[in-house]
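K.L.:
Okay, handing you the structure first.
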Amino acid sequence: MSFDIDNPPVEPPADCRHRLLWRLARTLWETHRPDSTSFCMATGTWHPNQREPCQPARLAQEGMRTACGESTPTSPPWLTVTRERLAAGEIDPMDAVAEALWHRRHTHRSGR
Ligand SMILES: [Zn+2]
């Protein structure tokens, strides 16, 4: 893994395959990381009172790992959500272009 799963960078790491997925998961992480001050719908509490990552925080970590090419239990739904967002245009155009360019470079190289 090319990043610290408990302290993931805002920007996708260099080997990130799915930059949009990273941003979706990273946004979820920002809201639910253990030291965040957001209200957690999943646990029904404010985050400073909890030490363990809540369910959405763990989901976010799996999303970021998926973005970097790992296979996790929630990888399929993460990829589906990302594709749907992309299709619906609910993403930053800059990110869409960056991801398209990344894939063009890498699919060309791997011959897929
Ligand atoms: Zn939470």
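K.L.:
Using R₀ = 22 Å, calculate the FRET efficiency as 1/(1 + (r/R₀)^6) where r is the Cβ-Cβ separation of I5 and M94; round to 0.05. Could you put the intermediate results ahead of the total?
P.N.:
Values: r = 25 Å, r/R0 = 1.15.
It comes to 0.30.
K.L.:
Additional query: Could you work out what % of the accessible surface of the chain is carbon and sulfur, using a 1.4 angstrom probe and leaving DNA, RNA and ligands out of the count? Write out the running numbers ahead of the final one.
P.N.:
On the way: 3850 of 7070 Å².
Solvent-exposed carbon and sulfur of the chain make up 54 percent of the total.
K.L.:
Per residue, what accessible area does the chain have, given a 1.4 Å probe and all protein chains present, in Å²? Walk me through the numbers before you get to the answer.
P.N.:
Numbers: 7070 Å² over 112 residues.
Using a 1.4 Å probe on heavy atoms only, each residue of the chain averages 63 Å².
K.L.:
Between T27 and W102, how many nm apart are label points set 7 Å from Cα along the C-beta direction?
P.N.:
In this crude label model, T27 to W102 measures out at 1.6 nm.
K.L.:
Could you rank T66, T74 by how accessible they are, 1.4 Å probe, largest area first? Don't skip to the end; give the middle numbers.
P.N.:
Working: T66 5, T74 30 Å².
The most accessible residue leads, giving T74, T66.
K.L.:
Fully extended, how many nm does the chain gain between R17 and W46 (0.36 nm per residue separation, minus their Cα-Cα distance)?
P.N.:
Extra length from R17 to W46 when fully extended: 7.2 nm.
K.L.:
Which far-off residues, 5 or more places away or on another chain, put their amide H under 5 Å from the one on C40, with H placed in the peptide plane?
P.N.:
Hits under the 5 Å cutoff: T45, W46, H47.
K.L.:
Consider a paramagnetic label point 7 Å from the Cα of T37 along Cα→Cβ; state which residues of region 1-30 have an amide N under 16 Å from it.
P.N.:
30
K.L.:
Which GluC sites (Glu not before Pro) from region 12-82 combine a DSSP loop assignment with at most 13 other Cβ atoms within 10 Å?
P.N.:
Values: sites: E30, E62, E70; in loops: E70.
For GluC sites (Glu not before Pro) across region 12-82 that sit outside H, G, I, E and B with at most 13 neighbouring Cβ atoms in 10 Å, the list reads E70.
K.L.:
Taking Cα centroids, how far is region 9-36 from region 51-93 in Å?
P.N.:
9
K.L.:
Related question: Applying the Karplus parametrisation 6.51 cos²θ - 1.76 cosθ + 1.60 with θ = phi - 60° to the phi angles of region 23-28, what ³J(HN,Hα) value in whole Hz is obtained for each residue in order, glycine and proline being reported as x?
P.N.:
With the stated coefficients, region 23-28 comes to 5, 4, 5, 5, 5, 4 Hz.
The values are calculated or read from the model by the stated rules, or taken from the named source; none is laboratory data. Nothing here was measured: the structure is a model prediction, and the numbers come from that model. Here the Cβ is made from the backbone with ideal geometry for all residues, glycine too, and neighbour counts use every protein chain on show. The protein model used for the area step is the full one, side chains on, heavy atoms only, and it has no ligands, DNA or RNA in it. Shrake-Rupley method; radii C 1.70, N 1.55, O 1.52, S 1.80 Å.
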